[in-house]
Amino acid sequence: MIPSPPFGRLIIVRNFSHKYFVLDVFISILGIILGIVLLFSPLITAISISMMIALLFLIFGISLIIHAI
């Protein structure tokens, strides 16, 4: 197996499209900032995780009802 370069994903996204590269960099920076906030605020982390799970169950439930009809 050939090892990938250290920034292999970055090179692939940059070569694919400049628009996707900018979007990828923006989402990565946003993820780092949110990770730091969640690291230093456990209450926000607990609320965020419970809200994401609730949203997941809500969307999954609606999807099951739609497929049943």
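Structure data summary
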read-out: Residue list for the stretch 18-62, filter: among the small types (Gly, Ala, Ser) and in a helix (DSSP H, G or I); value: Ser28, Gly31, Gly35, Ala46, Ser48, Ser50, Ala54, Gly61
read-out: Hits in the stretch 17-31 - residues which are surrounded by fewer than 11 Cβ atoms within 10 Å (Cβ to Cβ), more than 11 Å from the chain's Cα centre (by Cα) and of a type in the set (A, V, I, L, M, F, W, C); value: Phe26, Ile29
read-out: Residue check for Ile2: surrounded by 10 or more Cβ atoms within 10 Å (Cβ to Cβ) and either within 16 Å of the chain's Cα centre (by Cα) or modelled with pLDDT under 85 (or both); value: no
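The values are calculated or read from the model by the stated rules, or taken from the named source; none is laboratory data. These numbers come from a predicted model, not from an experiment. Cβ atoms come from the backbone with ideal geometry, glycine included; neighbour counts cover every protein chain shown.
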